[in-house]
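*Asks:* After the structure tokens below, expect a handful of questions from me.
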Amino acid sequence: MSYEAKFKVWRGDDGDGELTDYTVEVNEGEVVLDIIHRLQATQAPDLAVRWNCKAGKCGSCSAEVNGMPRLLCMTRMSTFEPDETVTVTPVRTFPVIRDLVTDVSYNYQKAREIPSFDPGDAKPGELRMQQVDVERSQEFRKCIECFLCQNVCHVIRDHDENKEEYAGPRFLMRIGELEMHPADQADRRNIAQDDHGLGFCNITKCCTEVCPEHIKITDNALIPMKERVVGRKYDPVVWLGSKLGIVKKGQDTPSA
Amino acid sequence: MTEIERHSYDVVVIGAGGAGLRAAIEARLQGKKTAIISKSLFGKAHTVMAEGGAAAAMGNVNANDNWMVHFRDTMRGGKFMNSWRMAELHAKEAPERIWELELWGALFDRTKEGKISQRNFGGHEYPRLAHVGDRTGLELIRTAQQKIVALQQEDHAEHGDYEANLKVWAETTVTRLLKDADGKICGVFGYVRETGKFVVFEAPAVVLATGGIGKAFKVTSNSWEYTGDGHALALLAGGTLLNMEFVQFHPTGMVWPPSVKGILVTESVRGDRGVLRNSEGDRFMFDYIPEVFKEQYATSPEEGDRWYDDPDNNKRPPELLPRDEVARAINSEVKAGRGSPHGGVFLTVVDRMPGGAAEIVKRLPSMYHQFKELADVDITKEAMEVGPTCHYVMGGVEVDPDTGAALVPGLFAAGEVSGGMHGSNRLGGNSLSDLLVFGRRAGLGASEYVDGLEARPAVPEDVVAAATTEALAPFEREDGENPYAVHAELQQTMNTLVGIIRKEGELEEAIAALGKLRERVANVGVDPVAVGDGGRGYHPGWHLALDLRNMLLVSEAVAKAALERQESRGGHTRDDHPGMSAEWRKINLVCSLAGDPSAPHVELRRQPLTPMRTDLLELFENDELKKYLTAEELPGGPAGEAETGEAEADEAEAAAGSGATAAGAAENEEGDR
Ligand SMILES: Cc1cc2nc3c(=O)[nH]c(=O)nc-3n(C[C@H](O)[C@H](O)[C@H](O)COP(=O)(O)OP(=O)(O)OC[C@H]3O[C@@H](n4cnc5c(N)ncnc54)[C@H](O)[C@@H]3O)c2cc1C
Ligand code: SF4
Ligand code: SF4
Ligand code: FES
């Protein structure tokens with residue numbers, strides 16, 4: 001059940017590069033990453049690709065397959081026709097290091113600017129939280145940091161100039177995660193808007209569409225954050241939080 | 001001349017998995033300038049793949065649980081070959097380490113009272129695994145990663161530099177540990193993967209936290225990082241490896257499609273009511289309950305099924321036997337012709353959960369996702385096909401239980417790369433807690449070691465030159481062989497000849513084959529690419545060429561130790577020596593390197609196991625101990641006391657020659673008595 005597939009793979013470094021044609025064997029049940037590995041093993045030992053778990057768990061193997069942002073290890077070859085040419089290119093929003101590998105340091109920079117979890121003076125083993133209350137933030141903590149949402153968000157996709165002021169969906173969601181964390185004591189609403197560019201987001205939901213973890217980034221993180229920012233006080237979790245005696249500090253937490 | 005960057009730290013941690021991050025956090029908290037070096041990006045280490053949970057006797061779900069019960073389960077799981085001191089520390093400290101994660105922002109699943117929920121797992125008497133759905137490893141990594149960011153933010157506030165005291169060197173590979181003229185660790189040598197640039201990290205203390213060796217096998221649940229680097233680095237630096245024959249084959253890996261063969265199907269599937277069946281529809285595990293476990297397991301499917309809701313009055317189903325037992329049972333069923341179409345057996349949760357399909361998706365989201373996306377199987381409607389996959393190495397760097405110190409002064413190890421804690425077989429969930437407990441201890445041990453040094457060791461130029469030459473060698477070889485071909489053959493050899501069931505003849509064949517592969521490994525070659533220093537920018541062929549040295553060394557260690565140990569125990573099954581032997585239990589097999597330093601080979605030594613401290617021994621019934629220990633070792637036995645004393649003398653003697661590790665262990669034992 002194997003066939004020869006036509007592949008175009010972007011080869012090159014930051015300066016320049018081009019799509020290179022390959023014809024390569026494909027077997028039943030394989031994913032795009034298997035084919036890239038076969039190219040490495042047989043035709044292009046220096047073809048650079050980033051991967052780790054090959055099980056959709058680490059978020060290393062992000063790239064664009066026929067223009068769609070995808071995890072290479074979770075893209076089955078059976079989703080293409082055998083005579084279809086499969087084009088694999090690096091994610092577009094980040095600078096290319098080589099071939100399919102990009103420089104994602106922007107994301108680590110943004111992660112550092114968000115004030116960390118603040119449990120107040122809680123003691124080890126003392127926290128009591130209900131499952132319903134932790135579930136909202138748990139959804140966001142499913143994030144495998146593949147940065148596909150960052151890649152696809154139009155605010156920075158073709159606008160390098162916005163990168164300075166905009167944390168991107170992954171890290172706006174991180175702020176949301178901490179906001180909705182039942183044991184967190186800080187208030188990050190103002191910095192979300194002022195320092196991390198929540199206002200840039202116009203809820204197009206492109207980020208949600210590409211998330212391999214199926215996190216509802218826009219509906220469950222970004223829109224609720226926007227609501228909190230404009231001061232809509234009624235929010236079930238804040239309300240529940242105050243019922244539980246977990247009260248937000250109220251004053252603003254500065255960016256880190 | 002090749003350009004080499006230099007950096008200086010107090011503690012260098014190799015590895016950014018759970019163990020490495022926890023060690024680095026500790027070293028930084030102790031005021032040490034710390035570097036974390038990792039082959040992959042920050043937050044992507046292999047630990048993210050852990051699914052089921054982290055074992056800690058918090059007693060949140062069943063209040064009868066405590067460290068003593070956890071200790072007993074761990075020792076039983078390891079068939080009494082564990083370093084009992086490590087098992088003790090682990091059982092005692094795991095709860096604190098989990099609670100600490102919670103204060104760093106981790107969000108575990110909750111009980112009704114709002115405490116951390118705990119789930120059942122093979123070999124654990126009570127529900128004990130703290131978990132987040134089936135992505136616990138991700139939660140652990142992310143939490144530790146975010147704690148590191150929090151510490152960096154503190155440093156930024158104080159020094160204006162996030163990386164003033166704690167820096168992550170992502171996508172950087174260490175190829176050599178460096179020692180000074182006195183034989184002390186003085187740093188490490190490595191390359192930045194992106195550019196191929198060489199870097200020397202000068203540091204008096206190094207913590208190995210590099211994980212496992214699975215990539216030496218063809219069918220494995222492990223990622224590309226698992227090339228046994230830390231095991232090999234320790235050997236090459238004069239350290240020792242303990243009991244490398246013990247390799248865990250997880251009973252349930254995916255068997256189809258071929259390209260995902262080996263990917264893990266978490267044990268939580270069985271903890272959450274999943275059952276194993278053969279092609280005839282039988283729950284065959286009931287036929288495979290070994291004598292030593294007869295009392296703890298249900299004898300009928302009805303009793304097993306009642307256990308999930310009423311564990312106090314029923315015994316657990318045999319699907320939850322320790323992994324080695326289940327893996328061997330599956331292997332036997334397939335061999336007997338009762339396997340599934342693709343050479344595994346069936347694992348199913350269909351109609352097993354009260355909440356039906358919705359509950360399956362809720363409880364096992366990643367598994368649902370994984371089978372749907374990769375195999376086109378809907379686990380709420382169909383059975384999964386599963387079979388054994390190489391999963392974890394119990395063997396590893398011989399360390400002092402309390403500080404993680406290896407035999408080489410300045411070298412420490414924690415996590416999967418270290419040995420002893422899990423004996424001959426690791427219980428599920430005991431690794432994640434091991435990473436935290438011993439990661440912290442190694443970070444502390446390294447910091448205290450640095451404090452105790454009078455002068456910082458200097459890095460001799462010739463060792464740096466030698467490491468550079470070694471790293472460049474694959475480019476120098478004209479007509480060198482393709483490293484991928486050599487790797488494929490190594491994996492095939494280990495899988496077929498040193499796999500789950502072993503025989504003398506096959507092991508000898510393996511050792512001979514590895515001897516031939518050694519020559520081929522020495523002759524792999526690559527061409528420079530267009531970018532980076534000397535054409536070494538992000539060069540996967542070159543990376544593999546260098547990793548092969550490590551995989552070959554650990555493969556040799558596994559094969560030689562497997563040939564030596566003439567019994568079957570935990571992760572080591574000898575077809576020709578099927579029984580467990582109480583005499584062999586007393587023997588640790590220790591690997592070191594010998595011969596020409598430019599082409600060293602693995603040498604084995606037998607070392608007596610330190611007898612268990614009396615108060616710990618007393619936690620077990622004599623009837624149970626009889627199954628594992630020789631008559632002389634039993635507490636109260638007439639010859640018991642005298643024998644123990646003698647064995648200890650042996651240990652002390654061995655220690656005298658070999659420095660920190662064994663001596664430390666013996667001392668502790670004295671102190672605790
Ligand atoms: C699929 C799967 C599921 C699992 N589920 C569970 C579970 O539910 N519960 C449980 O307790 N255990 C589980 N385990 C086992 C557990 O995940 C591992 O044993 C554990 O994560 C190992 O952690 P570590 O910190 O030792 O190393 P890792 O997390 O593997 O990290 C190793 C680090 O070392 C780095 N490294 C390696 N070599 C070098 C080098 N030469 N130079 C620089 N850096 C290097 C790597 O880049 C990486 O950062 C599972 C394992 C697998 C594969
Ligand atoms: S919803 Fe917002 S964050 Fe997401 S892609 Fe659109 S603009 Fe970007
Ligand atoms: S939110 Fe989803 S798309 Fe974005 S980084 Fe996380 S996993 Fe990837
Ligand atoms: S390799 Fe880990 S997500 Fe694809």
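The values are calculated or read from the model by the stated rules, or taken from the named source; none is laboratory data. Since we're looking at a predicted model, the values are computed, not measured. Glycine also receives a Cβ, built like all others from the backbone with ideal geometry; neighbour counts cover every protein chain displayed. The protein model used for the area step is the full one, side chains on, heavy atoms only, and it has no ligands, DNA or RNA in it. Shrake-Rupley method; radii C 1.70, N 1.55, O 1.52, S 1.80 Å.
*Asks:* With 21 Å as the cut-off, how large is the P(r) tail for region A:38-122, expressed as percent of Cα-Cα pairs?
*Replies:* The answer is 43 percent, as a whole percent.
*Asks:* Suppose all protein chains stay in the model; what accessible area per residue would a 1.4 Å probe give for region B:1-117, in Å²?
*Replies:* For region B:1-117, the solvent-accessible area averages 26 Å² per residue.
*Asks:* On to the next question. Which of the peptides B:166-173, B:582-589 is most tightly packed, and how do the rest follow, going by the mean number of other Cβ atoms within 10 Å of each residue?
*Replies:* Ranked from most to least packed, the peptides come out as B:166-173, B:582-589.
*Asks:* OK, next. Give the relative contact order (percent, whole number) for chain B; include only Cα pairs under 8 Å separated by 6+ residues.
*Replies:* 19 percent
*Asks:* Just to compare against my own numbers: the Cα pair-distance distribution for chain A, 10 Å bins, whole % per bin, please.
*Replies:* 7, 28, 29, 19, 12, 5, 0
*Asks:* If you don't mind, another one. Quick one: which of B:595-605, A:158-168, B:43-53, B:252-262 comes out on top by average Cβ neighbours within 10 Å, and what's the full order, highest first?
*Replies:* Descending mean neighbour count gives B:43-53, B:252-262, A:158-168, B:595-605.
*Asks:* What's the average, rounded to a whole number, of partner chain beta-carbon atoms within 10 Å of each residue's beta-carbon in A:67-74?
*Replies:* Per residue, the number of nearby Cβ atoms from other chains is 1 on average.
*Asks:* When the helix-only estimate is applied to the protein assembly as shown (DSSP H runs of n ≥ 4, each -39,500 (n - 2.57), divided by the residue count), what is the mean residue ellipticity at 222 nm, nearest 500 deg cm²/dmol?
*Replies:* -11000 deg cm²/dmol, from helical runs alone.
*Asks:* Another question about this same structure. Using only the heavy atoms of the protein chains and a 1.4 Å probe, how would B:HIS156, A:HIS37 rank by accessible area, largest first?
*Replies:* The residues order as B:HIS156, A:HIS37, largest area first.
*Asks:* Inside 10 Å of the C-beta atoms of B:103-116, what's the mean count of C-beta atoms belonging to other chains?
*Replies:* 6
*Asks:* On C-alpha positions alone, give me the angle between the axis of helix B:660-672 and the longest principal axis of chain B, in degrees, nearest 10.
*Replies:* Roughly 50 degrees, rounded to the nearest 10.
*Asks:* Determine how large the accessible area of A:THR204 is when every protein chain is in place; take a 1.4 Å probe and give Å² rounded to the nearest 10.
*Replies:* Its accessible surface works out to 70 Å², give or take rounding.
*Asks:* If I fit a long axis through the Cα atoms of helix B:504-521 and take the longest principal axis of the Cα atoms of chain B, what angle between them do I get, 0 to 90°, rounded to 10?
*Replies:* 30 degrees
*Asks:* If only Cα atoms are counted, what is the Rg of chain B, and what is its Dmax, in Å?
*Replies:* Using the Cα atoms of chain B, the pair Rg, Dmax is 24.0, 74 Å.
*Asks:* Enter the buried accessible area of the A/B pair, total of both sides, probe 1.4 Å, in Å² rounded to the nearest 100.
*Replies:* 5400 Å²
*Asks:* Roughly how far apart, in whole Å, are the Cα centres of region A:91-112 and region B:255-276?
*Replies:* If you average the Cα positions of each part, the centres end up 34 Å apart.
*Asks:* Another one. Mind putting together the pair-distance distribution for region A:105-244? All Cα pairs, 5 Å bins, whole percent per bin, short to long.
*Replies:* The distribution over region A:105-244 is 2, 10, 20, 23, 21, 13, 7, 3, 1, 0, given as percents.
*Asks:* Using only Cα atoms, figure out Rg for the protein assembly as shown and give it as a multiple of 2.2 N^0.38 Å.
*Replies:* In units of the globular-protein estimate, the protein assembly as shown measures up at 0.90.
*Asks:* Ok, one more. What does the average come to when, for each residue of peptide B:46-57, you count the partner chain Cβ atoms lying within 10 Å of its Cβ?
*Replies:* Going residue by residue through B:46-57 and averaging, the value is 2.
*Asks:* From Cα pairs below 8 angstrom and at least 6 apart in sequence, can you work out the relative contact order of chain A, rounded to a whole percent?
*Replies:* After rounding, I find 17 percent.
*Asks:* Express in whole angstrom the spacing between the alpha-carbon centres of region B:142-175 and region B:47-105.
*Replies:* 28 Å
*Asks:* Now a separate question. If I fit a long axis through the Cα atoms of helix B:18-29 and take the longest principal axis of the Cα atoms of chain B, what angle between them do I get, 0 to 90°, rounded to 10?
*Replies:* Around 60 degrees separate the two axes.
*Asks:* How much net charge surrounds B:THR210 when only the other residues with a Cβ under 10 Å from the Cβ of B:THR210 are counted, with Lys and Arg +1 and Asp and Glu -1?
*Replies:* Value of the local net charge: -2.
*Asks:* Let me ask something else about it. Over what distance in Å are the Cα centres of region B:492-512 and region B:520-559 separated?
*Replies:* The two parts, judged by their Cα centres, are 24 Å apart.
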